[in-house]
Amino acid sequence: MSHIPIALTVASNDPTGGSGVIADIKTFHNLNVFGMAAITNLTAQNSQGIHEILEIPPEFLEEQLSSIFSDAIPYAMKSGMVPSADMVDIIKKYIKGYDIPFVMDPFIFSKEGKRIIDTGLQNKLATTLLPYASVVTPNIKETEAMTGIDIKDESDIKTAANIFLKEIGVKSVLINDSQMTGKACDYLYTRTKEVKLSGPIIKSKNLRGVGSTFSAVITAELAKGQDLESAFRKAKMFVTKAIENGFDIGKGNGPISHFIEL
Ligand SMILES: Nc1ncnc2c1ncn2[C@@H]1O[C@H](COP(=O)(O)OP(=O)(O)OP(=O)(O)O)[C@@H](O)[C@H]1O
Ligand SMILES: Cc1ncc(CO)c(N)n1
């Protein structure tokens, strides 16, 4: 194959391969997109939780991005765990400088509910990066943290989505809900339309990487030139199958599968 779309992830490394950039690259590969990764953090984590986080010096993120972009421009890019305000500014420079689709997957809380970034950095992400994002993919807890809305039902989700679109200035928002309604519901809001996709909650303890994988599918599909609604539908199908085929790896919560065929 002489030509292939490129997708770039700017996120952290999980050495056990369940989430973060390794999950992103597995997803890009599954979808026939060439994956690249610029690392923001190294984490020490496993199926039982995140133990330590080591930040890469921001200048070295800049080195990684400048090496990538001076050589081949990715067709789409996503961000995951961004640990410092300096890194937010560096990422913004590349998004502003190169007009490519940008998917922001905010990583504010760990699966175990622990806050990973402070509110100052969370606000910086919202004010500096979100206005340049094609789409942001928060779960319910992240949506509450970023909009200040206490979400109890679907109308609160819509109110929060309007804050993302009208006050924060993001082009579209895709809110994932696997916590509130007892169903796995996802809501896409753009300035012109709303799409809701709903499925049953699959009972599994092996859910590591589900959020990273969902946003990686969206990024891969945008890299291929697909529109956001088709990318959303594909991401929903992908994660559903990936959860159904998850693995019992480790003593705690295992990873979802990236071997699936759609
Ligand atoms: N148990 C489940 N059954 C079916 N779908 C699920 C389940 N858990 C999550 N999903 C779906 O997976 C996608 C991502 O879910 P969600 O946003 O809740 O993950 P997350 O909390 O961001 O994950 P992470 O902690 O990995 O970032 C959504 O499409 C959601 O509906
Ligand atoms: C590196 C990394 N990225 C994302 C997540 C969230 O799933 C995690 N646990 N670790």
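The values are calculated or read from the model by the stated rules, or taken from the named source; none is laboratory data. Owing to the predicted nature of the structure, the values given are computational and were not obtained by experimental measurement. All Cβ positions, glycine included, derive from the backbone under ideal geometry; neighbour counts span all protein chains shown.
Quick test for you: out of Lys166, Lys193, pick the one residue that is free of Cβ contacts under 8 Å to residues at least 24 places away in the same chain, over 30 Å from Glu55 (Cα atoms) and over 18 Å from the mean Cα position of the chain (by Cα). Break it down stepwise before answering.
On the way: Lys193 fails: free of Cβ contacts under 8 Å to residues at least 24 places away in the same chain.
Step by step, each of Lys166, Lys193 is checked, and only Lys166 is free of Cβ contacts under 8 Å to residues at least 24 places away in the same chain, over 30 Å from Glu55 (Cα atoms) and over 18 Å from the mean Cα position of the chain (by Cα).
With respect to the numbered conditions (1) free of Cβ contacts under 8 Å to residues at least 24 places away in the same chain; (2) in contact with a Pro (Cβ under 7 Å, 6 or more places away or on another chain); (3) within 21 Å of Met146 (Cβ to Cβ); (4) of a type outside the set (Asp, Glu), which one is the sole condition not fulfilled by Ile175?
Result: Ile175 fails condition (1) only.
Which residue is nearest to ligand 1 (Cβ to nearest atom), if the candidates are limited to the stretch 180-220 and must be within 24 Å of Tyr75 (Cα to Cα) and among the aromatic types (Phe, Trp, Tyr)?
Phe214
Sort out which residues of the stretch 136-150 are surrounded by fewer than 20 Cβ atoms within 10 Å (Cβ to Cβ) and either basic (Lys, Arg) or in a loop (DSSP other than H, G, I, E, B) (or both), and write them in order of number.
Lys141, Gly148, Ile149, Asp150
How many residues are of a type in the set (Val, Ile, Thr) and closer than 14 Å to Val135 by Cα if we restrict to the stretch 157-191?
Residues meeting the conditions: 6.
If I ask for residues that are of a type in the set (Asp, Glu) and loosely packed, with under 13 Cβ neighbours inside 10 Å, which ones from the stretch 26-62 would you list? Step through it out loud before you land on a result.
To start, the set of residues in the stretch 26-62 that are of a type in the set (Asp, Glu) comprises 52, 55, 59, 62.
Glu52, Glu59, listed by residue number.
Report, ordered by the first and then the second residue, all pairs with beta carbons closer than 8 Å, sequence separation of six or more or different chains, a first member in the stretch 104-131 that is within 17 Å of Gly209 (Cα to Cα) and modelled with pLDDT of 95 or more, and a second member that is more than 10 Å from ligand 1 (Cβ to nearest atom) and of a type in the set (Ser, Thr, Tyr).
Close Cβ pairs satisfying both conditions: Met104/Ser79; Asp105/Ser79.
Limited to the stretch 1-25, what total is found for residues that are buried (at least 24 other Cβ atoms within 10 Å of the Cβ) and within 15 Å of ligand 1 (Cβ to nearest atom)? Explain how you work it out, then say what you get.
Of the stretch 1-25, the ones buried (at least 24 other Cβ atoms within 10 Å of the Cβ) are 7-12, 14, 18-21, 23-24.
The next check asks that each one be within 15 Å of ligand 1 (Cβ to nearest atom); those that pass are 9, 11-12, 14, 18-21, 23-24.
Qualifying residue count for the region: 10.
Check off (1) under 19 Å from the mean Cα position of the chain (by Cα); (2) within 16 Å of ligand 2 (Cβ to nearest atom) for Phe247 and give me the number that stays unchecked.
Looking at each condition in turn, Phe247 falls short on (1).
For the subset of the stretch 63-83 comprising residues that are away from ligand 1 (no atom under 16 Å from the Cβ), of a type outside the set (Gly, Ala, Ser) and within 19 Å of the chain's Cα centre (by Cα), which member is surrounded by the most Cβ atoms within 10 Å (Cβ to Cβ)?
Per the stated criteria, the residue is Met77.
Being within 10 Å of ligand 1 (Cβ to nearest atom) and among the polar types (S, T, N, Q) is the filter; apply it to the stretch 162-179 and report the residue that is surrounded by the fewest Cβ atoms within 10 Å (Cβ to Cβ). Even if it seems obvious, please write down each step before you answer.
In the first step, residues of the stretch 162-179 are kept if they are within 10 Å of ligand 1 (Cβ to nearest atom); the result is 174-179.
Now restrict to residues that are among the polar types (S, T, N, Q): 176, 178-179.
Numbers: Asn176: 23, Ser178: 20, Gln179: 12.
Taking the candidates together, the pick is Gln179.
With in a strand (DSSP E or B) and in contact with a Phe, Trp or Tyr (Cβ under 9 Å, 6 or more places away or on another chain) as the only criterion, which of Asn176, Asn162 stands out?
Values: Asn162 fails: in a strand (DSSP E or B).
Being in a strand (DSSP E or B) and in contact with a Phe, Trp or Tyr (Cβ under 9 Å, 6 or more places away or on another chain) holds for just one of Asn176, Asn162, which is Asn176.
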